[in-house]
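The values are calculated or read from the model by the stated rules, or taken from the named source; none is laboratory data. Quick caveat, the model's predicted, so the values are computed rather than measured. Every residue, glycine as well, gets a Cβ built from its backbone with ideal geometry; the counts of neighbours run over all protein chains shown.
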Amino acid sequence: MTQVSMTVNGKAVSGDVEGRTLLSSFLRDKLGMTGTHVGCDTSQCGACVVHVDGAAVKSCTMLALEAEGASVDTIEGQAAADGSLNAIQQAFQDHHGLQCGFCTPGMVMSAAALLKENPKPSESDVREYLEGNICRCTGYHNIVKAIMAASGQDVSAIAAE
Amino acid sequence: MPKDSGIGASPKRREDVRFLTGAGNYTDDINVNGQAYVHFLRSDVAHAKINGLDTSAAEAMPGVVRIFTGADFEGVGGMPCGWQVTDRHGDPMQEPPHPILAQGKVRHVGDPIAAVVADSAEQARDAAEAIVLDLEELPAVVNMKAALEDGATKVHDDLTSNLCYDWVLGETDDAAVQKAFDDAAHVTTLELTNQRLVANPMEPRVAVGDYNRGTDEHTLYTTSQNPHVIRLLMCAFVLGLPEHKVRVIAPDVGGGFGTKIFHYAEEAFCTFAAKACNRPVKWTASRSEAFLSDAQGRDHVTKIELALDKDNNFTALRTNTLANMGAYLSTFSSSVPTWLHGTLMAGNYKTPVIQVNVKAVFTTTVPVDAYRGAGRPEATFQLERVIDKAAREVGVDPVALRRQNFVTEFPYDTPVALTYDTGDYNGTMDKLEVAADFAGFAARRAESEKNGKLRGLGVNCYIEACGIAPSNVVGMLGARAGLYDAATVRVNATGSISVMVGAHSHGQGHETAFPQVVAEMIGIDESQVEIVHGDTSKIPFGMGTYGSRSLAVCGSAMVRATEKIINKAKKIAAHLMEASDADIELKDGVFSVAGTDKSVAWGDVTLTAYVPHNFPLEDIEPGLEETAFYDPANFTYPAGAYACEVEVDPETGKVTIERFAAADDFGNIVNPMIVDGQVHGGIGQGIGQALLENCVYDDSGQLLSASYMDYAMPRADDVPFYTVDHSSQTPCTHNPLGVKGCGEAGAIGSPPAVVNAVIDALQSGGKDVGHIDMPVSPARVWAAMNG
Ligand code: FES
Ligand code: FES
């Protein structure tokens, strides 16, 4: 066991981990932050996306020890302190961009990274950026719509209903 | 103006807030103090005799609590099948045992052999690697046709063959069917495969067993669509436990799509092991393990023949299907290719003579059971493909051919055991023609052709039997369960309401939609109504969520219970206003006496029910809580018409979905936003089946598509925005809300639309291609074009 320390959603945390402990498992099992989900074991689904030093990372693909000293942001840190949703979260609710909610944390974190890079993405920008995030429930329609809406674009004309 | 509350409104989903903030409570998020972890040692070969199993070295590994093998489960029941199909000779299906851990033999890659319980998940996994296993490999049984040949290796030595059943529905007189074909002006024949799929809800399965010695009570947390069904099956058939000592909790569940209906060995194992080890026991499937242990879907090989007279009326339909059961009978596996498939072969059409034959086959593969649509997509695909082929062969427009043969009068008794209560297939097709902009297709095709692409338009219809199902009917057909549902409406003293429902929400938004109904019936704000589900200790009973049944069946129970509440509340109101019950009206949460200005508010009545100082105690009991069980009178019949436009790149064979439109008739609609979302998701999965997904075993029974690297599911850039229209509405005639169900439609209706579109594109490019099996991959399209 080795001690690892990092900042998660602005708070200093530390814990003992094995060399093989993944960042996703450190967050979920050691810190009890179960908002970050694990949907696969081949780095394909994106349910585990968090931000490490501002960049979107699949936390199942990074060892906890690799995040030593890093600043990690997770879904738990996205809403305001009073619980109000941020613009992306709100757009997901407004446009029914989630059903079972399992892919949602990763989708929201990926969307945040996209909008930082590309504040007014086109439909195809969004679809391409989400290559690494699988949703089995929504057929993506409302996820793409929500992300475009979160970027301030008018989505009312998107394929009826 | 769209409504902003009640039935027909689209309030934002209340469950979203917890899911969007990481505050959901999924089964893997649950950790019980002192829990141990289980790792299953699974077979890595398809078929073998277990000659030796030595756990002694593994038992000495650090952290190991106990190792279980098949020997620990001798005398314990096996996993039951919930539906006994009767074959064409009147005999019951062959039903092999399905042990929790392998007994002497393994029958598919992933079959669990031993289970290591240890202090940590890593220790359990490490120890499992130290188990010494001596397997004597036997020939794999993968191909269904070969499995039925004389002398084929048997999957189950104690059965007479690999045939589970040979079943027939509709016209059983072969000669009569043959005569209809002999008399036909034209016969169209199609052989096709409906490939095996993996449901792949994004949340892998998890089970946590907990046992309290002090009270002798078991708790099982599990990723289930139907916690009461799990409790019933596990208690009555597997572990022999009294139900009142077992609590099953299915908390937030990350998608199901059918594969979380079934009772799985891992659930029974964790329940059993928690007592045996006197410690909570947790199992979390990895995705690779999910591929080897979640029941898979579809996997039919079919020959279908359609007979037409000289005026292009359908005169007869004959279909022969081999349906793969896998190695064991999963909970509802036997019903899928029979009563959920054969009964749908009439489709939307008045074909007078129909014969459906299904042979179900055991193979050394993962068990197959219901996956979104369950039998109905298989029926729809073959029927709508053969109609499209027939239209081309006789030279008529495929939409016109369908319209000509539509059922137009209701109720309609099909030749395959169903009675459609209502529908308007022409009206729905009219909606589709607009939604899909048929009129603009020629111009879009010309544009594609300018860019060197072929463009095709594919159209199809579907009908499904949902709202599953009348218990007396399914009982006659072999179901070993009733298929009613239940709800308890508990009104609190201050007027707020908890509704305990047997349906389970794992993405369908019940927590938002169900309160819309109750609130509208009473006339109070939706925020006053809360839905409770997913815990056998909190809800009366429930058969759960599948078969697009939640609102049609459980919602009906909820309506009936709310009606009882209103009736009782009216009696209380009558007493308070010194009027007769019959004169009391309820509107907008206020009881009034007809023709007077006397009124009393909802909250005053509910408070009186719990503070019964001035109360008709001689007539009614205090309190305000009612339960209703609702058993549907018939199935419901959602139906629709779908259109897909594809572009095919003739250089590479790559297919892209350019447009997709759906026109559905779901009867009345409670929350249009949620209904649209359900259709979108279904279409996404259907496009996945049509273009991408394929669960493949090699000849030795190894699963080649056992991860997300190998099993291709649609990503955001594989699909377009969809146009969804559900304004064609013929309300269901036999349930109180007039609803039909919408959860499976998209997955049923979309695969044939995609394939029909691809064929249309190729035909437009002068390629006379009759059929391409799914997934319609670039390689297959290219081969068909150049073959
Ligand atoms: S869990 Fe990280 S990509 Fe799937
Ligand atoms: S909402 Fe269920 S997987 Fe995306």
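Odds and ends about this structure:
- Selection status of residue B:419, within 20 Å of residue B:627 (Cα to Cα), of a type in the set (Val, Ile, Thr) and surrounded by fewer than 16 Cβ atoms within 10 Å (Cβ to Cβ): no
- Matching residues, segment A:41-71, being at positive phi, within 15 Å of the chain's Cα centre (by Cα) and away from ligand 1 (no atom under 11 Å from the Cβ): A:53, A:54
- Residue in segment A:112-130 that is over 16 Å from the mean Cα position of the chain (by Cα), basic (Lys, Arg), more than 15 Å from ligand 2 (Cβ to nearest atom) and more than 15 Å from residue B:719 (Cα to Cα) present: yes
- Pairs, first within 13 Å of another protein chain (Cβ to nearest Cβ) in segment A:56-79, second away from ligand 1 (no atom under 16 Å from the Cβ) and part of a helix (DSSP H, G or I), C-beta under 7 Å, six or more apart: A:78/A:89; A:79/A:89
- Just one of the listed residues (A:42, A:36) is more than 16 Å from ligand 2 (Cβ to nearest atom) and not assigned by TED's automatic domain parsing to the domain that holds residue A:116, namely A:42.
- Residue B:759 falls short on exactly one of the conditions (1) under 26 Å from residue B:465 (Cα atoms); (2) more than 14 Å from chain A (Cβ to nearest Cβ), and that condition is (1).
To keep it simple, each residue is scored yes or no on (1) under 24 Å from residue B:430 (Cβ atoms); (2) polar (S, T, N, Q).
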| site | (1), (2) |
| --- | --- |
| B:329 | no, no |
| B:343 | no, yes |
| B:367 | no, no |
| B:371 | no, no |
| B:400 | yes, no |
| B:405 | yes, yes |
| B:408 | yes, yes |
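Here is a yes/no grid of residues against (1) within 21 Å of residue B:423 (Cα to Cα); (2) within 16 Å of ligand 2 (Cβ to nearest atom):
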residue	(1), (2)
B:637	yes, no
B:646	no, no
B:650	no, no
B:678	yes, yes
B:689	no, no
B:693	no, yes
B:699	no, no
B:705	no, no
B:708	no, yes
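- Inspection of segment B:440-448 finds no residue satisfying the criterion of being farther than 30 Å from residue B:333 by Cα, among the aliphatic types (A, V, I, L, M) and surrounded by 19 or more Cβ atoms within 10 Å (Cβ to Cβ).
- Residues (among the polar types (S, T, N, Q) and more than 29 Å from residue A:158 (Cβ to Cβ)) located in segment A:58-116: A:59, A:61, A:71, A:74
- Within the option set A:85, A:98, being within 7 Å of chain B (Cβ to nearest Cβ) and over 21 Å from residue B:200 (Cα atoms) holds for one residue only, A:85.
- When segment A:90-103 is filtered for residues that are surrounded by 24 or more Cβ atoms within 10 Å (Cβ to Cβ), touching a residue at least 40 places away in the same chain (Cβ under 8 Å) and either charged (D, E, K, R) or within 16 Å of ligand 1 (Cβ to nearest atom) (or both), the ones remaining, listed by number, are A:102, A:103.
- Residue B:320 vs. criteria in a strand (DSSP E or B), free of Cβ contacts under 8 Å to residues at least 60 places away in the same chain and of a type outside the set (D, E, K, R): yes
- Taking (1) surrounded by fewer than 24 Cβ atoms within 10 Å (Cβ to Cβ); (2) at the interface with another protein chain (Cβ under 7 Å from one of its Cβ atoms) in turn, residue B:680 satisfies each apart from (1).
- Pairs where the first residue, in segment A:104-120, is more than 14 Å from chain B (Cβ to nearest Cβ) and the second is assigned to a helix (DSSP H, G or I), C-beta under 8 Å, 6+ apart: A:115/A:88; A:115/A:147; A:115/A:150; A:118/A:125; A:118/A:129
- Only one of the listed residues (B:34, B:70, B:77) is closer than 20 Å to residue B:271 by Cα and modelled with pLDDT under 95. That residue is B:77.
- Annotation: residue B:132 fulfils all but one of (1) of a type outside the set (D, E, K, R); (2) surrounded by fewer than 16 Cβ atoms within 10 Å (Cβ to Cβ); (3) under 30 Å from residue B:336 (Cβ atoms); the unmet one is (3).
- For the residues B:16, B:28, B:54, the requirement of being at pLDDT 95 or above and within 16 Å of ligand 1 (Cβ to nearest atom) singles out B:28.
For every residue, the table says whether it meets (1) of a type in the set (A, V, I, L, M, F, W, C); (2) free of Cβ contacts under 8 Å to residues at least 60 places away in the same chain; (3) in a helix (DSSP H, G or I).
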position: B:75; (1), (2), (3): no, yes, no
position: B:96; (1), (2), (3): no, no, no
position: B:102; (1), (2), (3): yes, yes, no
position: B:110; (1), (2), (3): no, no, no
position: B:116; (1), (2), (3): yes, no, no
position: B:126; (1), (2), (3): no, no, yes
position: B:135; (1), (2), (3): yes, no, no
position: B:141; (1), (2), (3): yes, no, no
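- In this structure, residue B:187 does not satisfy being modelled with pLDDT of 95 or more and crowded, with 23+ Cβ neighbours inside 10 Å.
- Filter result for residue A:141 (in contact with a Phe, Trp or Tyr (Cβ under 6 Å, 6 or more places away or on another chain) and more than 24 Å from residue B:29 (Cβ to Cβ)): yes
- Residue among B:222, B:193, B:215 that is within 18 Å of residue B:502 (Cα to Cα), more than 14 Å from every other protein chain (Cβ to nearest Cβ) and more than 17 Å from the chain's Cα centre (by Cα): B:222
- Residue count, segment B:638-677 (criterion: among the charged types (D, E, K, R), in contact with a Leu (Cβ under 8 Å, 6 or more places away or on another chain) and within 14 Å of another protein chain (Cβ to nearest Cβ)): 1
- Residue match in segment A:87-96 (condition: assigned to a loop (DSSP other than H, G, I, E, B), in contact with a helix residue (DSSP H, G or I) (Cβ under 8 Å, 6 or more places away or on another chain) and assigned by TED's automatic domain parsing to the domain that holds residue A:144): yes
- Taken over segment A:107-157, the criterion of being outside any loop (DSSP other than H, G, I, E, B) and farther than 19 Å from residue A:75 by Cα is satisfied by A:123, A:124, A:125, A:126, A:127, A:128, A:131, A:141, A:142, A:145, A:148, A:149.
- Here the strands (runs of 3 or more DSSP E) wholly within segment B:1-70 that include at least 1 residues being within 14 Å of another protein chain (Cβ to nearest Cβ) are B:36-42.
- Residue list for segment A:73-89, filter: of a type in the set (Val, Ile, Thr) and more than 16 Å from ligand 1 (Cβ to nearest atom): A:88
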